[in-house]
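Below: one structure, written as structure tokens.
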Amino acid sequence: MFKAVIFDLDGVITDTAAFHFVAWKKLGEKLGIELTESFNEELKGVDRIESLRRILALRNQELDFSNEEKAVLATEKNDYYVTLIQQITPNDLLPGISDLLKDLKKNHIKVGLASASKNAPMILNQLGLTNAFDTIVDPATLSKGKPDPEIFVKACEQLLITPSEAIGIEDAYSGVQAINDANMLSVGVGDAETLSAADYVFSTTANLTFEELMHIWELKNY
Ligand code: G6P
Ligand code: MG
């Protein structure tokens, strides 16, 4: 039996992608860079500064800004994003997640958070989930972002388990790669084609139950 489940936040526990998009779009307008929803997909799981770098790269403007100027722009986006996420409530939990977290606790399975978002503690608070997690990795302590496995390995270290005893759940391609390279069982939520590297993909969190996770674990380990 697995000993822990490590969750991504954005797109797995709640859907913040739309808020990120609105905030980046506003910054993009100021810079004269138009952002599309399909490009926004590529920013899933990508940290704040790297997201800005990719946005500037759309117009080959990456080198037009110093690191200090990029930090100011990223803060501007974040200030707006933070005002947007104030509206998140426990009703914004994705389907099935509340029951899954309860069932994991009931069965003494540890629960960790591996999100690149520096706003994760605030979002968990808005969702009423601050006490639902046994550990949260602080992304400020990481040297590499996803797809590097560091964040998932660190979550396991913080829970005092080995990655082979854990399941990771992600909605982003880069996140699934990170889970795989951490040597954990990977579960994707979303498009089966995009997430084909995952050991198992659910089209929606509504189907992500404790029973299903046990089933997948048995298939993989016996
Ligand atoms: C998650 C989201 C990304 C976001 C990143 C950093 O991984 O999927 O879209 O850029 O977190 O979020 P932050 O709240 O720190 O700007
Ligand atoms: Mg995500």
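We did not get these values from a lab; they are worked out from the coordinates using the rules stated. The model shown is predicted, which means the values in this text are computed figures rather than measured ones. Here the Cβ positions follow ideal geometry from the backbone for every residue, glycine too, while neighbour counts run over all protein chains shown.
General remarks:
- Count Lys and Arg as plus one, Asp and Glu as minus one, and take only other residues whose Cβ is under 12 Å from that of S164; the net charge is then +1.
- Net charge dipole size for the range 123-162 [Lys, Arg +1 and Asp, Glu -1 on Cβ; Debye, nearest 20]: 100 debye
- Structure remark: mean-square fluctuation, Gaussian network model of the chain, C-alpha springs under 10 Å; the largest value among L142, L185, L113 belongs to L142.
- Multiplying the residue separation of H215 and K105 by 0.36 nm and removing their Cα-Cα distance gives an extension gain of 37.8 nm.
- Residues M214, M1, M184 arranged by fewest to most Cβ contacts within 10 Å: M1, M214, M184
- Values of log10 I(q)/I(0), in the order q = 0.12 Å⁻¹, for the chain under a Debye, Cα-only, solvent-free model: -0.63
- Using a cut-off of 18 Å between Cα atoms, the listed pairs K30/K70; K77/K146; K26/K70; K118/K146 include K77/K146 as exceeding that distance.
- Take the Cα of D148, step 7 Å toward its Cβ, do the same at S98, and the gap between the two points is 3.8 nm.
- Debye, to nearest 20: dipole size of the range 4-58, +1 on Lys, Arg Cβ, -1 on Asp, Glu Cβ: 260 debye
- Of the residues A74, V46, I169, the one whose Cα sits farthest towards the positive end of the charge dipole of the chain is A74 (charges of +1 on Lys and Arg Cβ, -1 on Asp and Glu Cβ, taken about the Cα centre).
- Full-extension gain in nm, L84 to K3, via 0.36 nm per residue minus C-alpha separation: 25.6 nm
- Remark: the range 1-102 carries a charge dipole of roughly 140 debye about the Cα centre, counting +1 on each Lys and Arg Cβ and -1 on each Asp and Glu Cβ.
- Gaussian network model of the chain, springs between alpha carbon atoms under 10 Å - residue of A197, A18, A132 with greatest fluctuation: A18
- Using alpha-carbon coordinates, inclination of helix 48-57 to the longest axis of the chain, degrees: 50 degrees
- Considering only N180, N40, N60, the mean-square fluctuation computed in a Gaussian network model of the chain, springs between alpha carbons under 10 angstrom, is largest for N60.
- Working from Cα pairs under 8 Å separated by at least six residues, relative contact order for the range 85-176 is 26 percent.
- Shape of the range 99-222, Cα gyration tensor, a/c cut at 1.5: rounded
- S174 paired with K26, simple spin-label distance in nm, labels 7 Å along Cα-to-beta-carbon: 2.3 nm
- Net charge of Cβ neighbours under 15 Å - reference L127; Lys, Arg +1; Asp, Glu -1: -4
- Compared with the alpha-carbon gap, the fully stretched path from T194 to A140 is longer by 16.7 nm at 0.36 nm per residue.
- Relative contact order of the chain, pairs being alpha-carbon contacts under 8 Å that are 6 or more residues apart, as %: 26 percent
- Selection from P121, I85, I13 lying farthest towards where the dipole of the chain points positive, charges on Cβ: P121
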